[in-house]
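One structure is given below, encoded as structure tokens.
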């Protein structure tokens with residue numbers, strides 16, 4: 001169950017984020033995850049650390065959530081992807097589900113059940129068809145992160161005549177086919193993001209979360225980008241950490257060219273952490289508001305954060321790759337796996353549209369670019 005101790009808003013005393021940091025630093029010492037069993041073991045470790053439930057709902061909630069996701073990304077980006085989806089699912093159930101649905105979800109998460117959010121599909125969407133007082137699913141989802149490990153995914157489906165409906169699928173009783181041959185990426189292999197065919201799965205009313213089209217309600221939909229951006233920022237911090245150790249061990253820290261690369265990486269990573277904290281403050285103010293102005297401010301902050309983090313992480317990757325050279329990319333060095341995972345994970349949807357939306361928002365109201373506080 002979700003029984004976390006009280007927390008402060010500062011990083012040094014935030015127990016939820018501190019537990020994530022402890023797991024991440026341990027994970028950084030272990031080999032990269034290669035198998036589904038290895039990923040399941042890390043999810044179990046996160047459950048043991050009390051991280052499968054949401055942080056306590058107090059003043060430090062958003063800070064705890066984003067700082068923890070950043071640390072989990074530091075430890076392993078594939079785990080970060082699954083954890084971001086898991087916590088997102090719990091947030092969606094808490095926001096749009098009934099009290100009973102959220103209490104059930106909290107209990108399942110406390111027992112170690114992994115949740116997820118699977119929205120990406122093919123041209124022909126997953127559909128919900130009414131049949132003999134039950135709802136039958138038909139169709140296929142792609143990029144189902146943790147497909148063989150997630151027990152309760154939120155799956156969006158077209159409910160005829162109503163719109164896109166969130167469903168919470170009990171995987172143990174679902175009729176589905178997981179296509180393991182669908183996932184051959186350059187990086188993020190351990191997220192096991194297979195395609196899943198749900199055709200024939202039967203659901204009942206209690207498996208539906210919220211009203212139709214609630215999934216796309218702002219600011220939760222676009223504003224939620226701050227979570228995956230926090231995981232990305234953690235990956236950049238991991239590169240800086242490993243690059244620093246690499247220079248020290250090889251007595252290269254005094255080399256002026258390497259020092260300049262390191263200096264630039266420090267500035268970029270520190271800037272990303274400021275964005276994580278700024279996003280937490282914006283979330284605390286705007287995320288749970290329903291008025292249009294608050295939603296616009298939250299979406300703008302999320303758009304800015306994800307764009308800056310993508311750009312600056314790519315620059316950290318370039319600097320570190322040049323700094324360590326070919327020798328640094330050989331196993332057992334950690335640079336190769338982290339760089340590959342970031343290459344894949346940074347490719348989030350619609351970057352050009354997001355850039356245009358930032359410009360449009362600024363042109364409409366230049367006060368939206370709120371300063372750091």
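The values are calculated or read from the model by the stated rules, or taken from the named source; none is laboratory data. Just so we're clear, the structure is a prediction, and the values are computed from it rather than from any experiment. Cβ placement follows ideal geometry from the backbone for every residue including glycine, while neighbour counts extend to all protein chains displayed.
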Looking at segment 31-49, which of its residues are part of a loop (DSSP other than H, G, I, E, B) and exposed (fewer than 13 other Cβ atoms within 10 Å of the Cβ)?
-> 31, 34, 35
Can you tell me which of 259, 233 is in a helix (DSSP H, G or I) and surrounded by 23 or more Cβ atoms within 10 Å (Cβ to Cβ)?
-> 233
Filter segment 123-142 down to residues that are free of Cβ contacts under 8 Å to residues at least 60 places away in the same chain and in contact with a helix residue (DSSP H, G or I) (Cβ under 9 Å, 6 or more places away or on another chain), then give me how many there are.
-> 1
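Name the residue, out of 163, 234, 223, that is modelled with pLDDT under 95 and under 29 Å from residue 297 (Cα atoms).
When all the criteria are applied, what remains is 163.
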Say whether the condition of being assigned by TED's automatic domain parsing to the domain that holds residue 227 and under 22 Å from residue 74 (Cβ atoms) is met by at least one residue in segment 348-358.
-> yes
Which pairs do you get when a residue that is within 20 Å of residue 105 (Cβ to Cβ), found in segment 31-57, comes within reach of a residue that is surrounded by fewer than 15 Cβ atoms within 10 Å (Cβ to Cβ) and modelled with pLDDT of 95 or more, reach meaning Cβ atoms under 6 angstrom, with the pair 6+ apart or on two chains?
-> 47/112
Residues within segment 315-357 that are surrounded by 16 or more Cβ atoms within 10 Å (Cβ to Cβ) and assigned to a helix (DSSP H, G or I), tallied | 20
Note on segment 124-158: residues farther than 28 Å from residue 188 by Cα and crowded, with 19+ Cβ neighbours inside 10 Å are 128, 135, 137, 158
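If we scan segment 286-294, do we find a residue that is within 17 Å of the chain's Cα centre (by Cα), part of a loop (DSSP other than H, G, I, E, B) and within 30 Å of residue 96 (Cβ to Cβ)?
Scanning segment 286-294, I find at least one residue that is within 17 Å of the chain's Cα centre (by Cα), part of a loop (DSSP other than H, G, I, E, B) and within 30 Å of residue 96 (Cβ to Cβ), so the answer is yes.
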Give me a count of the residues in segment 171-192 that are free of Cβ contacts under 8 Å to residues at least 60 places away in the same chain and either in contact with a strand residue (DSSP E or B) (Cβ under 7 Å, 6 or more places away or on another chain) or assigned to a helix (DSSP H, G or I) (or both).
-> 11
Identify, by number, the condition in (1) crowded, with 20+ Cβ neighbours inside 10 Å; (2) not assigned by TED's automatic domain parsing to the domain that holds residue 194 that residue 110 doesn't meet.
-> (1)
For residues that are in a helix (DSSP H, G or I) and out of contact with any helix residue (DSSP H, G or I) (no Cβ under 7 Å at 6 or more places or on another chain), tally how many sit in segment 93-111.
-> 8
Restricting the search to segment 112-126, which residues are modelled with pLDDT of 95 or more and either outside any loop (DSSP other than H, G, I, E, B) or farther than 26 Å from residue 225 by Cβ (or both)?
-> 112, 115, 116, 117, 118
Are any of the residues in segment 205-225 more than 17 Å from residue 96 (Cα to Cα), under 18 Å from the mean Cα position of the chain (by Cα) and in the same structural domain as residue 345 (by TED's automatic domain parsing)?
-> yes
